[in-house]
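Some notes on the structure that comes next.
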Amino acid sequence: MDTIFALASAPGKSGVAVLRISGSRAFHAGRVLAGGLPDAQRTSLRKLRDSDGSVIDEALVLAFESPNSFTGEDCVEFQTHGSPAIIAALMNELSALPGLRLAQPGEFTRRALENNRMDLAQVEGLADLIEAETEAQRKQALRTFSGELGQKVELWRKDLVRAMALLEVTIDFADEEVPEDVYPEVQELLGRVSQNLAAESAGTHAAERIRHGFEVAILGAPNVGKSSLLNRLAGREAAITSSIAGTTRDVVEVRLDLDGLPVTVLDTAGLRETQDEIEQIGISRAMARAESADLRIILIEDGRLPSGLGVADDDILVQAKSDILPSSSEFAISSVTGRGIDRLVKAVSHRLSLRAASAGTATHVRHRLAISSAVESLDLAKTKISEGFPVELVIEDLRQALVDLESLIGRVGVEQVLDEIFASFCLGK
């Protein structure tokens, strides 16, 4: 297998740049450029030289001996000054060495997976950690990257293997008396796994929202102040504001960080009866996005709801324009003076935080589908046991549930998703 190398830090000028080498010829390449290597997992300050003996840079050099490295292979890292010229010179020298080549996107992490240094869920957690923009995203990604989901899968797998082994006993003693009734323990094991999977599945929606962001839609009649509220929340002119009703014709989105939660606030078209065909399209889009949003802020000006809009239990009703229309409402705001905006933001953050608290360690659609499939197989197995089906059919359902769970951590049936996952990584990962 080729030895690979790549810049592991961000490209461009920086105080420090990290260049990573991994593979069977990594130590050889490190010695060629640095003249020698420090002991494994120690650092040493060395001069890096080109093939003519000229100094390229002075750098910290680290060596990691297989399997105690990120990839599970021999690895060398150069921590150099972050000059593009230095990096280019080092890349040229490494490219000229036999058996070395530039890494493909995500190839370091893929080798870590192949060498059992990480499972697939941890790989996805690492990708999420790199992309994390808010505190909630960072914490969730770190939980997945730490291997928490893999640890749960191992417990579920252990129970299913035990249940299958107990059922196998009844086949082995088909013509004899079974030493004891194994079905109560089998039912207990399957019930426990099913309960745990159901709890994990229930948290996937919130986990996916933390990854991609919650959506909060602002609804109201034309000219009630929706765009002004959006601009106030964003701290900039994100939407056009005008005294002319119907200015907003499409959904305007602004990405915010609310107390560590990723939130996309949607400014929608004013809700009213209209003959304007373009405005009708905008209103239809507003209603569609509002229905799928996680939370809705409904602005009212005269105490009446917008035409055709019903109120859900979790909607936040807000009295707008409190600077010119005094109100004693809990949520009376003014986008002009800022009155009540902080209270509204806290209310939105609190409600979304309650939903985020239910997030599990299964964070991707792939996870949810695999868990749902495993639950279906377990339900079939329990039904077949209660209805007296042949034991072989029950075992087959349990085997399918086991396959679904093992696909969560990349042991089986995930080749089709690997390329897509690793394509999102940079070269140095």
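The values are calculated or read from the model by the stated rules, or taken from the named source; none is laboratory data. Note that the coordinates shown come from a computational prediction; the quantities given were computed from them, not determined experimentally. Ideal geometry is used to build each Cβ from the backbone, glycine not excepted, and the neighbour counts take in all protein chains shown. We work out accessible area using only protein heavy atoms, side chains counted, and drop any ligands, DNA or RNA first. Shrake-Rupley method; radii C 1.70, N 1.55, O 1.52, S 1.80 Å.
Quick one: in region 346-361, of everything that is open to solvent by 40 Å² or more (accessible area, probe 1.4 Å) and of a type in the set (A, V, I, L, M, F, W, C), which residue is farthest from Gly235 (Cα to Cα)?
Of the residues in region 346-361, the ones open to solvent by 40 Å² or more (accessible area, probe 1.4 Å) are 346, 350-351, 353-355, 357-358.
Imposing the further condition that a residue be of a type in the set (A, V, I, L, M, F, W, C) reduces the set to 354, 357.
Values: Leu354: 26, Ala357: 28 Å.
Step by step, filter region 346-361, then rank; the result is Ala357.
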With the first residue restricted to region 209-229 and required to be assigned to a loop (DSSP other than H, G, I, E, B), and the second required to be basic (Lys, Arg), Cβ contacts under 9 Å at 6 or more apart or on different chains are Gly213/Arg255; Ala221/Arg272; Ala221/Arg304; Pro222/Arg272; Val224/Lys321; Gly225/Lys321
Give the residue that is most open to solvent (accessible area, probe 1.4 Å), with candidates limited to residues of region 1-19 that are touching a Ser or Thr at 6+ places or on another chain (Cβ under 8 Å) and in a loop (DSSP other than H, G, I, E, B). Lys13
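Here is a yes/no grid of residues against (1) in contact with a Cys (Cβ under 6 Å, 6 or more places away or on another chain); (2) under 25 Å from Thr134 (Cβ atoms); (3) at pLDDT 80 or above:
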position	(1), (2), (3)
Leu229	no, yes, yes
Leu233	no, yes, yes
Arg236	no, yes, no
Ile244	no, no, no
Glu253	no, yes, yes
Leu258	no, yes, yes
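If a residue has to be part of a helix (DSSP H, G or I) and open to solvent by less than 80 Å² (accessible area, probe 1.4 Å) to count, how many in region 373-389 make the cut? Give the steps one after another, and end with the answer.
Filtering region 373-389 down to residues part of a helix (DSSP H, G or I) leaves 373-386.
Still in the running and open to solvent by less than 80 Å² (accessible area, probe 1.4 Å): 373-375, 377-379, 381-385.
Adding up the residues that qualify gives 11.
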Yes/no for Gln79 being among the polar types (S, T, N, Q), assigned to a loop (DSSP other than H, G, I, E, B) and open to solvent by 30 Å² or more (accessible area, probe 1.4 Å): no
Given (1) in contact (Cβ under 8 Å) with a residue 40 or more places away in the chain; (2) part of a helix (DSSP H, G or I); (3) not hydroxyl-bearing (Ser, Thr, Tyr), Ala165 misses just (1)
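Condition check: farther than 30 Å from Ala356 by Cβ and in a helix (DSSP H, G or I). Does Ile86 satisfy that?
Here the answer is yes, as Ile86 does meet what is asked.
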Which residue pairs have Cβ atoms under 9 Å apart, sit 6 or more places apart or on different chains, and have a first residue in region 336-349 that is in contact (Cβ under 8 Å) with a residue 40 or more places away in the chain and a second that is hydroxyl-bearing (Ser, Thr, Tyr) and surrounded by 14 or more Cβ atoms within 10 Å (Cβ to Cβ)? Val336/Ser228; Ile341/Ser334; Ile341/Ser335
Checked against (1) buried (at least 21 other Cβ atoms within 10 Å of the Cβ); (2) in contact with a helix residue (DSSP H, G or I) (Cβ under 9 Å, 6 or more places away or on another chain); (3) more than 19 Å from His364 (Cα to Cα), Arg117 satisfies every condition except (1)
Among what's in region 390-399 and is open to solvent by less than 90 Å² (accessible area, probe 1.4 Å) and over 35 Å from the mean Cα position of the chain (by Cα), pick the residue that is farthest from Ala198 (Cα to Cα). Pro390
Can you pull out every residue in region 359-371 that is outside any helix (DSSP H, G or I) and farther than 16 Å from His212 by Cβ? Thr361
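Condition (residue is touching a strand residue (DSSP E or B) at 6+ places or on another chain (Cβ under 8 Å) and open to solvent by 60 Å² or more (accessible area, probe 1.4 Å)) applied to region 82-101: is it met by at least one residue? Outline the logic, then answer.
Filtering region 82-101 down to residues touching a strand residue (DSSP E or B) at 6+ places or on another chain (Cβ under 8 Å) leaves 82-83, 86-87, 89-91, 93-95, 99-101.
If we keep only those that are open to solvent by 60 Å² or more (accessible area, probe 1.4 Å) as well, we get 95, 101.
Yes: region 82-101 contains one or more residues that are touching a strand residue (DSSP E or B) at 6+ places or on another chain (Cβ under 8 Å) and open to solvent by 60 Å² or more (accessible area, probe 1.4 Å).
I need the full set of residues from region 90-136 which are assigned to a loop (DSSP other than H, G, I, E, B), more than 13 Å from the chain's Cα centre (by Cα) and among the polar types (S, T, N, Q), in order please.
Restricting attention to region 90-136, the residues satisfying the condition of being assigned to a loop (DSSP other than H, G, I, E, B) are 96-99, 103-106, 115-119, 132-134.
Going one step further and asking which of them are more than 13 Å from the chain's Cα centre (by Cα), we end up with 96-99, 103-106, 115-119.
If the condition is that a residue be assigned to a loop (DSSP other than H, G, I, E, B), more than 13 Å from the chain's Cα centre (by Cα) and among the polar types (S, T, N, Q), then Gln104, Asn115, Asn116 are the ones that fit.
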Pair list, Cβ under 9 Å, 6 or more apart: region 75-98 residue within 25 Å of Gln41 (Cβ to Cβ) and polar (S, T, N, Q), other residue open to solvent by 60 Å² or more (accessible area, probe 1.4 Å) and in a strand (DSSP E or B): Gln79/Val16; Gln79/Thr43; Gln79/Leu60; Thr80/Val16; Thr80/Glu58; Thr80/Leu60
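Would you be able to tell me the number of residues in region 34-64 that are assigned to a strand (DSSP E or B) and of a type in the set (Asp, Glu)? Please lay out each step first, then the result.
We begin by selecting, within region 34-64, every residue assigned to a strand (DSSP E or B); these are 43-49, 55-64.
Filter once more, so that each one left must be of a type in the set (Asp, Glu): 57-58.
Final tally of qualifying residues: 2.
Yes or no, residue by residue, for (1) at pLDDT below 75; (2) open to solvent by 30 Å² or more (accessible area, probe 1.4 Å):
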| residue | (1), (2) |
| --- | --- |
| Gln275 | yes, yes |
| Ser284 | yes, yes |
| Ile300 | no, no |
| Val311 | no, yes |
| Ala320 | no, no |
| Ser328 | yes, yes |
Looking at (1) without any contact (Cβ under 8 Å) to a residue 60 or more places away in the chain; (2) open to solvent by less than 50 Å² (accessible area, probe 1.4 Å); (3) in a loop (DSSP other than H, G, I, E, B); (4) not small (Gly, Ala, Ser), can you tell me which one Pro67 breaks? (2)
Evaluation of Val123 against (1) open to solvent by less than 20 Å² (accessible area, probe 1.4 Å); (2) at pLDDT 95 or above (one fails), failing number: (2)
